[in-house]
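Notes for the one structure printed next.
The values are calculated or read from the model by the stated rules, or taken from the named source; none is laboratory data. Only a predicted model underlies this, so the values are computations on that prediction, with no experimental measurement involved. Note that each Cβ is placed from the backbone with ideal geometry, even for glycine, and that neighbours are counted across all protein chains shown. With ligands, DNA and RNA removed, areas are computed over all heavy atoms of the protein, side chains included. Shrake-Rupley method; radii C 1.70, N 1.55, O 1.52, S 1.80 Å.
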Amino acid sequence: MTEVKYLTFGSENAPITVESFINFACPFCKNYFKAADSVLAPYIESGDVQHVVKHFDKTKQALLKGTVANIYLNYDEPEETLAIIRQLYDTQDQWKVSFTAIEDKMINELNLTPQKDADARSLAINEETFERGIKGIPTVFINEEKFEFDPLKDKQDKIETLLNEAISKLK
């Protein structure tokens, strides 16, 4: 069996690991991801944090379009994929309108093709979420401890503050 590759940024030797279970079609994940993208970058660059992004392919109808988008992402090219994720979140309202819209964006606008390892990764993440009792997104762990924030209420700036505080305590 092939080892599942996650979208990972930073050194595997970093003393702090942040695991982010997200879905690209989730508006609450959008707020979290933008905060994490901003806050974690300097910690990743300094070697203090490894950020592991795990796209949770939820079957909830509103989130299925995020699952479609995820099929096209090449996890072997993390920096290019990060740029695409940023664009997906920035244009979320446009491509979430239909399956045709997200497929058109991924194929025609971004010139991407489905990735052969997407199914195995999706199954592994779904199994992991079941084992860890993860039901909702975004769900985040910092060094195996659940990172507490209110995704339904907390905006990007609040999440940034909470993330900085949590990581500063571990440094």
| note | Residues in the range 67-92 that are open to solvent by less than 60 Å² (accessible area, probe 1.4 Å) and part of a loop (DSSP other than H, G, I, E, B) total 5
| Restricting attention to the range 51-66, which residues are under 17 Å from Y32 (Cβ atoms) and either in a helix (DSSP H, G or I) or in contact with a Cys (Cβ under 6 Å, 6 or more places away or on another chain) (or both)? | A62, L63, G66
| task | Look at the range 1-31 and say how many of its residues are within 18 Å of E144 (Cβ to Cβ) and surrounded by fewer than 13 Cβ atoms within 10 Å (Cβ to Cβ). | result | 3
| Taking the range 97-131 as the region of interest, how many residues are over 17 Å from the mean Cα position of the chain (by Cα) and basic (K, R)? | 2
| remark: Picked from the range 148-171 (must be closer than 15 Å to Q50 by Cα and open to solvent by less than 70 Å² (accessible area, probe 1.4 Å)), the residue nearest to the chain's Cα centre (by Cα) is L163
| What are the residue pairs meeting all of these: first residue in the range 143-171, first residue polar (S, T, N, Q), second residue in a loop (DSSP other than H, G, I, E, B) and modelled with pLDDT of 95 or more, Cβ atoms under 9 Å, and 6 or more apart or on different chains? | N143/P15
| task | For E12, indicate whether it is assigned to a helix (DSSP H, G or I) and more than 12 Å from the chain's Cα centre (by Cα). | result | no
| Could you say which residue among T129, T100, T113 is modelled with pLDDT of 95 or more, outside any helix (DSSP H, G or I) and either among the β-branched types (V, I, T) or under 25 Å from G10 (Cα atoms) (or both)? | T113
| said: Looking only at the range 116-126, count every residue that is in a loop (DSSP other than H, G, I, E, B) and surrounded by 14 or more Cβ atoms within 10 Å (Cβ to Cβ) and tell me the total. | reply: 1
| field | Breaking point among (1) open to solvent by 10 Å² or more (accessible area, probe 1.4 Å); (2) touching a Pro at 6+ places or on another chain (Cβ under 9 Å), for D104 | value | (2)
| remark: Per the filter on the range 85-140, residues polar (S, T, N, Q), in contact with a strand residue (DSSP E or B) (Cβ under 9 Å, 6 or more places away or on another chain) and more than 18 Å from Q61 (Cα to Cα) are T129, T139
